[in-house]
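Worksheet for the structure shown next.
The values are calculated or read from the model by the stated rules, or taken from the named source; none is laboratory data. As the structure is a computational prediction, the values presented were derived from the model and not from experiment. Cβ coordinates were reconstructed from backbone atoms using ideal geometry, including for glycine residues, and neighbour counts include every protein chain displayed.
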Amino acid sequence: MTMSIDEALQIAKDAGFEVVAPMDPQKLTFMQDVRDMCEKNTCRQWGKKWTCPPACGTLEELEQRLLRYQEGVLFQTIAHMDGAFDYSGLEEAGKTLGAATTKLLDVLVARDEDIWPFGNDGCFNCAECTYPDEPCRFPERAYPSMEACGLMVMYVCRDNDVPYYYGEGTVAFTGGFLFNPKPE
Ligand code: SF4
């Protein structure tokens, strides 16, 4: 038993995301190239979290798991910067994203439904992930990035008619969640 798409969009909006839109799970394209980028470890999260490769599963495993979802929501927080070196604009957007993600997870976890969340980055629920020494502290709140699942964010946005770029002086942070709808 899960929510309707309208309810899901409203939950994301109420959590504080600036842009919310439906995301079609059947349009997701799982790309080995994206996982290869993960392995180059430019974000320095590879092998550091339960929600990042290799612990989050192979590309094939993730594709199988995620394609069983029928509905999804894409959300964005947009940093509006006053010049390329306006780090305060980025920091402010980062705080907004963190607060909205926490609020969203609170609501989704309380519903106890079949939901798969994505963050803009790998999971930041804990100051330090327990990987690999102890089990995940909050498996029901843990979320991978889209990239960890082999998804190119730019293409996910394009395929769901959501802008990826909002023009000079902006950076969009993108995440989302997949869920299975309530049967009729
Ligand atoms: S919830 Fe904590 S322990 Fe679990 S993946 Fe996220 S950061 Fe790691």
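General observations
- Filtered residue count, segment 122-167, keeping only those that are touching an Asp or Glu at 6+ places or on another chain (Cβ under 6 Å) and charged (D, E, K, R): 0
- Residues being aliphatic (A, V, I, L, M) and modelled with pLDDT under 95 - total across segment 147-171: 1
- Neighbours by Cβ (under 9 Å, 6+ apart or cross-chain): first from segment 101-128, over 14 Å from Phe177 (Cβ atoms) and within 15 Å of the ligand (Cβ to nearest atom); second of a type in the set (Ser, Thr, Tyr) and assigned to a loop (DSSP other than H, G, I, E, B): Gly122/Thr51; Gly122/Tyr143; Phe124/Tyr143; Asn125/Tyr143
- Residue that is farthest from the ligand (Cβ to nearest atom) [pool: residues in segment 140-159 that are part of a loop (DSSP other than H, G, I, E, B) and in contact (Cβ under 8 Å) with a residue 40 or more places away in the chain]: Met152
- Lone unmet requirement of (1) within 19 Å of Phe177 (Cα to Cα); (2) surrounded by fewer than 17 Cβ atoms within 10 Å (Cβ to Cβ); (3) away from the ligand (no atom under 12 Å from the Cβ) for Gly83: (1)
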